[in-house]
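Reviewing the structure listed below.
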Amino acid sequence: MTPPRLLQTVLDTEDPRGLAEFYRVLLELSYRAGDEPPDPSEPDPRGEDWLVLVDGGGGRALAFQRVEALPPPTWPEGTRPQMLHLDTTVPTVADLREQHLRALGLGARLLHDGSDDPEEPLYVYADPAGHPFCIFVAPDA
């Protein structure tokens with residue numbers, strides 16, 4: 001018996017191209033062949049429905065699926081839990097500080113500052129669509 005293999009994580013969004021661009025830049029990923037954005041003067045039919053980002057080896061990493069409406073999670077308070085979040089790591093506190101500024105510059109919204117935690121310094125953000133994600137220090141990850 002062969003167990004299922006995780007192919008990718010799919011994020012629902014009202015704006016597949018916008019959210020794909022956020023994660024493409026933040027995580028230094030690339031578009032799957034055919035999913036690249038067209039010239040700005042051209043229509044973007046792929047970007048209206050489903051896009052895939054791949055890692056440096058061509059493996060699928062994240063996909064983005066259009067939904068008509070997506071109320072963002074209200075985590076850590078409120079009635080709508082996060083349901084899932086993406087964990088990303090950096091090797092040092094200096095890298096954490098640098099990536100914190102980068103994430104904010106790309107449009108992330110800070111939800112929690114745990115950067116002074118001596119055991120696991122971290123930041124928790126909401127991406128432009130409201131999905132939570134973390135950047136934390138994990139030297140051996």
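Where a number appears in this text, it was derived from the coordinates with a stated rule and is not lab data. Just so we're clear, the structure is a prediction, and the values are computed from it rather than from any experiment. Virtual Cβ from ideal backbone geometry, glycine too; neighbours counted across all protein chains shown.
Summarising the amide proton neighbourhood of Val54: residues at separation of 5 or more, or on other chains, whose placed amide H is nearer than 5 Å comprise Ser30, Tyr31, Arg32, Ala61. Distance between the pseudo-spin-label points of Asp55 and Asp113 (7 Å out from Cα toward the beta carbon): 3.2 nm. 3J(HN,Hα) couplings calculated from phi for the stretch 51-63 with the Karplus curve 6.51 cos²θ - 1.76 cosθ + 1.60 (θ = phi - 60°) are, in sequence order, 9, 10, 10, 10, 7, x, x, x, x, 5, 10, 9, 10 Hz; Gly and Pro show x.
Once backbone amide H atoms are built at 1.01 Å from N, Thr89 has Phe136 as its partners under 5 Å, excluding neighbours fewer than 5 places away on the same chain. Between 0 and 90 degrees, the angle of helix 93-106 with respect to the longest Cα principal axis of the chain falls at about 40 degrees. Entry note, the chain: relative contact order of 23 percent, from Cα contacts under 8 Å with a spacing of 6+ residues. Size estimate for the chain follows the Kirkwood approach: the inverse of mean 1/r over distinct Cα pairs works out to 16.2 Å.
Here the residues Phe64, Phe136, Phe22, ranked from fewest to most Cβ neighbours within 10 Å of their Cβ, fall in the order Phe136, Phe22, Phe64. Over the chain, dividing the summed -39,500 (n - 2.57) contributions of all DSSP H runs of at least 4 residues by the number of residues returns a 222 nm mean residue ellipticity of -6000 deg cm²/dmol. Centroid-to-centroid, using Cα positions, the stretch 37-71 and the stretch 97-141 are 23 Å apart. Stretched out straight at 0.36 nm per residue, the stretch from Met1 to Ala33 would grow longer than its current Cα-Cα span by 8.3 nm.
Maximal additional length on extending the Ser41-Thr79 stretch stands at 9.6 nm, based on 0.36 nm per residue less the C-alpha distance.
Take each peptide in 126-135, 91-100, 9-18, count the other Cβ atoms within 10 Å of every residue, and average; sorted highest first, the result is 126-135, 9-18, 91-100.
Annotation: amide H-H contacts under 5 Å for Glu14 (H modelled 1.01 Å from N, sequence separation of 5 or more, or interchain): Val67. Annotation: extensible slack from Arg102 through Leu86 equals 4.1 nm (criterion: 0.36 nm per residue apart, minus Cα-Cα distance).
Taking max minus min of the alpha-carbon positions on each principal axis, the stretch 86-137 gives extents of 30, 16, 15 Å, largest first.
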